Amino acid sequence: MTSLNTKANIMAPDEFYAELLSVHEGLSKVESDALNARLILLLANHIGDRQVLSEALQAAARKE
């Protein structure tokens, strides 16, 4: 079992962020929310580890 990695771990993070913004261009709020939901489910499936996914949900729910 692994634990959630919250340290910077994305290669070329600025390029990823630009690509993320780009795929949302021109979408309505509803379409953008649906895209985010699909992306979350795809990445959750890729991670697969329920413990890590639970840690991610808890970390995201914190308002720090």
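Taken together, the values in this text are just the output of simple stated rules run on the coordinates, not laboratory data. Keep in mind the model is a prediction, meaning the values are calculated, not measured. Methodologically, a virtual Cβ is constructed for each residue, glycine included, from the backbone with ideal geometry; neighbour enumeration extends over all protein chains shown.
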Legend entry - Residue list for segment 4-25, filter: surrounded by 10 or more Cβ atoms within 10 Å (Cβ to Cβ), free of Cβ contacts under 8 Å to residues at least 12 places away in the same chain and not aromatic (Phe, Trp, Tyr): Asn5, Pro13, Glu15, Ala18, Glu19, Leu20, His24
Inset, instruction - Answer yes or no: is there a residue in segment 43-54 that is within 12 Å of the chain's Cα centre (by Cα), assigned to a helix (DSSP H, G or I) and exposed (fewer than 11 other Cβ atoms within 10 Å of the Cβ). - result: yes
